[in-house]
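The values are calculated or read from the model by the stated rules, or taken from the named source; none is laboratory data. In this text the structure is predicted, and so the values were computed from the model without any measurement. Glycine gets a Cβ as well: all are built from the backbone with ideal geometry, and neighbour counts include every protein chain shown. When the accessible area is computed, the model is the full protein with side chains, heavy atoms only, and any ligands, DNA or RNA have been set aside. Shrake-Rupley method; radii C 1.70, N 1.55, O 1.52, S 1.80 Å.
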Amino acid sequence: MKSQKSIWCMCAAALLAFGVVLGAAASSPKAKRLSAYDPQVRNLLAQMTLEEKIGQMTQPEYGPVLANPGDMQKYFIGSVLSGGDSDPQEGNGLAPWTDLYDKVQSEALKTRLGIPVLYGIDAMHGHSNVLGAVIFPHNMALGCTRDAALVEKIGRVTAEEVRATGIQWTFAPCVTVPQDIRWGRAYEGFSEDPALVRLLGAAAVRGLQGDLGGRLDVLACAKHFVGDGGTAASSEGRWPGAPVGTGGVWLDQGDTRLDEATLRRIHLPGYITAIQAGVGSIMPSYSSWNGVKCSGSRRLLTEILKEELGFEGFLISDYNAIAQVKPGDYKGSVEASINAGMDMAMEPSNYRVFFETLKGLVEEGKVPMSRIDDAVTRILRVKFAMGLMDKKRPQLADRRLHKTFGSAAHRAVAREAVRKSVVLLKNEGHMLPLSKESFRIHVAGKTADDIGNQCGGWTIRWQGQGGAVTTGGTTVLEAVKAAVSPKTQVTYSRDGSGAAGATVAIAVIGEKPYAEYVGDRKDLSLDAEDLETLANLKGAGVPTAVLLIAGRPMILGDALGQMDALAVSFLPGTEGRGLADVLFGDYKPTGKLSFSWPKSMDQLPLNMHTVGGGKQPLFPYGYGLGY
Ligand code: BGC
């Protein structure tokens with residue numbers, strides 16, 4: 001199956017081919033150090049051919065590799081991924097995903113040495129590619145909770161749901177420190193504040209990995225190393241062929257222009273604590289640091305990460321990122337990236353070319369055998385630590401875990417996260433909490449009854465999708481109906497019409513889903529539909545509480561004056577009841593902003609590092625009211 005993303009990437013690859021320039025570590029307390037497995041690793045390494053070693057370093061997407069029967073064995077594939085939109089052909093349910101994993105793993109076990117594959121996926125806020133999984137709030141929202149124990153608990157539940165499909169690796173947590181909310185990946189970051197990212201990133205690693213060896217543990221991946229959230233805005237897009245939604249401002253995959261001391265101060269702390277928590281993999285960034293691609297930087301990958309910070313796990317390149325190191329020169333890119341310290345290559349459909357290219361480079365002496373052995377050692381350490389090399393352990397999925405997939409107990413953890421992540425920004429005349437005993441509550445707005453908007457990007461689809469079909473869960477409208485007393489009437493209109501006569505209105509407005517690249521924006525004002533909803537409610541003379549559901553702070557302008565109360569939830573996920581808990585006072589709001597909130601676009605980039613002088617936010621970092 002060819003994903004939307006693969007199609008874009010193929011366009012990019014085609015342009016590249018024509019020479020177009022595109023734009024000591026302590027483990028978690030319970031776990032052993034990864035290097036403790038080196039004796040076993042050395043034994044195995046001694047039995048491996050060059051091809052078998054390179055196979056461990058090669059990660060295709062499942063679609064292309066299964067489409068070529070025999071390739072798993074011929075290329076001794078060591079890892080497979082499902083990237084955005086790379087779903088099972090039979091659909092996105094739990095059974096097809098589990099069957100897919102089992103099929104891929106069975107193929108890997110047929111290779112000469114029978115080394116199991118690591119199957120990787122973006123379980124960024126729950127096992128978010130799979131229908132019926134619990135979808136947790138995105139990281140920006142979790143940042144508002146300041147609650148490391150909660151983030152760890154979310155990691156545990158996510159790991160269990162991922163393992164229910166057999167998959168053992170998630171490309172999470174994202175420990176980016178976004179400095180400019182125009183970036184469409186801002187919501188993937190816990191905070192603009194490195195101190196908060198330090199705390200919560202490590203908690204997520206502990207939750208996901210446990211001690212790494214258990215049947216409910218998954219390998220975590222801290223990403224995108226380093227400075228992905230610090231790129232400078234540019235007018236030049238970097239993904240040829242991608243739909244343009246940005247109004248001409250691009251930050252994704254850009255260049256972070258900072259001296260080393262500042263890079264370390266803002267963007268490195270999350271990696272230091274993730275390594276201390278025992279993270280087994282790290283993904284170098286598509287972005288550049290002062291014009292040099294991170295994926296080809298020996299300074300960053302080997303000197304800082306492996307030598308100075310003592311990272312003992314392995315580095316996985318981002319999706320087709322290696323080709324960007326030297327645009328138009330694939331062989332040079334592979335040489336530069338592997339020699340810089342990249343250990344495994346995410347080459348969704350180009351895996352055969354990667355394999356042959358790297359083999360050729362070793363034979364020509366351009367990539368030393370010691371570098372290959374180091375890369376494979378790092379990958380195998382993780383496989384040993386995870387128990388994958390234990391012949392007595394079943395390698396296929398444990399389907400008994402299907403029983404608790406999407407369970408009420410898992411949803412309860414998400415609901416707790418939702419209510420703790422809501423931030424109350426305005427509450428004129430103590431409008432909130434609302435009474436459950438009202439004559440009539442009118443619910444309105446494009447996101448009031450839309451689970452897809454509520455979940456945002458990286459949910460079922462790569463870019464997310466609006467609408468009820470996205471996945472199961474509770475919308476705000478359903479949650480309000482469930483919360484109020486049976487005597488209270490709840491009415492609904494998407495545009496706010498028909499509100500006249502209601503006691504109060506709840507308007508649920510904000511952003512529609514997006515993910516990387518597509519979500520870069522020049523203008524973060526409320527859209528025309530939201531303004532019309534607010535105007536209709538005002539016209540009806542009904543006091544209005546606004547719930548803004550978005551992937552970042554938005555420019556409120558004059559609309560703020562029309563809101564009697566305002567609370568924000570940065571993409572809460574499937575458990576809308578957590579929002580009703582706050583609206584009706586079952587939970588008194590405790591959330592504090594994890595990002596500074598600008599008054600106007602011309603203040604951007606606005607964050608705790610740029611604030612001051614004439615630049616005063618509408619709501620500062622850490623702001624949040626109580627009842
Ligand atoms: C993203 C990564 C993601 C990978 C695999 C890339 O485009 O930058 O964050 O893990 O795709 O889906």
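Bin all alpha-carbon pair distances of the range 524-602 at 10 Å intervals from 0 and give each bin's fraction as a whole percent.
15, 47, 35, 3
Given a 1.4 angstrom probe, what's the average accessible area per residue across the range 28-398, in square angstrom?
In whole numbers, the range 28-398 has 29 Å² accessible per residue.
Distance from a point 7 Å along Cα→Cβ of Asp329 to each backbone N in the range 341-362: keep the residues under 19 Å and list them by number.
341-342, 354, 357-362
Please report Rg (one decimal) and Dmax (integer) in Å for the Cα set of the range 409-603.
15.5, 48
Any chance you could run the full-extension gain for Tyr627 through Ser106? It's 0.36 nm times the residue separation minus the Cα-Cα distance, nm to one decimal.
This chain segment gains 182.0 nm when fully extended.
Over what distance in Å are the Cα centres of the range 29-55 and the range 559-580 separated?
49 Å
Please work out the Cα center distance from the range 137-200 to the range 458-500, rounded to the nearest Å.
25 Å
Of Lys293/Lys383; Lys522/Lys599; Lys223/Lys359; Lys53/Lys110, which sit over 25 Å apart, Cα to Cα?
Lys293/Lys383; Lys223/Lys359
Measuring from the lowest to the highest alpha carbon on each principal axis, how far does the chain reach, largest first, in angstroms?
For the chain, the Cα extents along the three principal axes come out at 78, 53, 42 Å.
Within straight cross-link reach of Lys420, meaning Cα distance under 14 Å, which aspartates and glutamates are found once same-chain residues fewer than 8 apart are removed?
Excluding near neighbours in sequence, the set is Asp147, Glu575, Asp581, Asp586.
Mind grabbing the accessible area of Asp586 for me, 1.4 Å probe, Å², rounded to tens?
Near enough 90 Å² of accessible area.
Starting from the Cα of Glu364, step 7 Å along the direction of its Cβ; do the same at Ala232; then give the gap between the two resulting points in nm.
Going from the Glu364 label point to the Ala232 one covers 3.4 nm.
Give, in nm to one decimal, the length gained when the segment between Lys487 and Gln616 is fully stretched (0.36 nm per residue of separation minus the Cα-Cα distance).
My answer for the length gained is 41.9 nm.
In sequence order, what are the phi-derived ³J(HN,Hα) couplings for the range 404-412 according to the Karplus relation 6.51 cos²θ - 1.76 cosθ + 1.60 with θ = phi - 60°, rounded to whole Hz, with x for glycine and proline?
Once θ is set to phi - 60°, the couplings for the range 404-412 become 9, 5, x, 5, 4, 5, 5, 5, 5 Hz.
Just to check I understand the Karplus step: with θ = phi - 60° and J = 6.51 cos²θ - 1.76 cosθ + 1.60, what whole-Hz values come out for the range 416-424, glycine and proline as x?
For the range 416-424, the Karplus-derived couplings read 4, 5, 5, 5, 6, 9, 5, 10, 8 Hz, x marking Gly and Pro.
So for the chain: antiparallel DSSP bridges make up what percent, rounded to the nearest 5?
20 percent
Extension gain Leu531-Thr404, at 0.36 nm per residue separation less the Cα-Cα distance, in nm?
Value of the extension gain: 41.6 nm.
Largest first, what is the accessible-area ranking of Lys481, Lys392 with a 1.4 Å probe?
Working: Lys481 110, Lys392 180 Å².
From most exposed to least exposed: Lys392, Lys481.
So what's the Cα pair-distance distribution over the range 76-217, bin width 5 Å, in %?
2, 10, 19, 20, 18, 14, 9, 5, 2, 1
Quick check of the Kirkwood formula: for the range 28-398, what is the inverse mean of 1/r over all pairs of different Cα atoms, in Å?
When all Cα pairs of the range 28-398 are included, the Kirkwood radius is 20.4 Å.
Rounded to the nearest 10 Å², what accessible area does Met554 have for a 1.4 Å probe in the complete protein model?
Probe radius 1.4 Å; accessible area of Met554 about 10 Å².
So who's got an amide H within less than 5 Å of the one on Gly83, skipping anything under 5 residues away but keeping other chains? H placed 1.01 Å off N, in plane.
The answer is Tyr62.
Report, ordered by chain and residue number, the aspartates and glutamates lying within cross-link reach of Lys326, taken as a straight Cα distance under 17 Å and ignoring same-chain residues fewer than 8 apart.
Asp255, Asp318, Glu335, Glu347
List the relative contact order of the range 409-603 as a percent without decimals, with contacts defined as Cα pairs under 8 Å and 6+ residues apart.
34 percent
Where a Cα-Cα gap under 18 Å defines reach, which aspartates and glutamates qualify for Lys487, not counting those fewer than 8 residues away within the same chain?
Glu437, Glu478
Of the listed pairs Lys538/Lys588; Lys153/Lys391; Lys512/Lys538, which have alpha-carbon separations greater than 25 Å here?
From the list (Lys538/Lys588; Lys153/Lys391; Lys512/Lys538), the Cα-Cα distance tops 25 Å for Lys538/Lys588; Lys153/Lys391.
Out of all DSSP beta bridges with both ends in the range 452-584, state the antiparallel percent to the nearest 5.
Given both bridge residues lie in the range 452-584, the antiparallel proportion sits at roughly 5 percent.
Give the separation of the Cα centroids, the range 265-301 to the range 400-450, in Å.
36 Å
In whole percent, what relative contact order does the range 28-398 give with Cα contacts below 8 Å and a gap of six or more residues?
So the answer I get is 20 percent.
How large, in percent, is the carbon and sulfur part of the accessible surface of the chain at a probe radius of 1.4 Å?
C and S atoms contribute 54 percent here.
At 1.4 Å probe size, what's the solvent-accessible area of Leu526? Round to the nearest 10 Å².
Solvent-accessible area, nearest 10 Å²: 10 Å².
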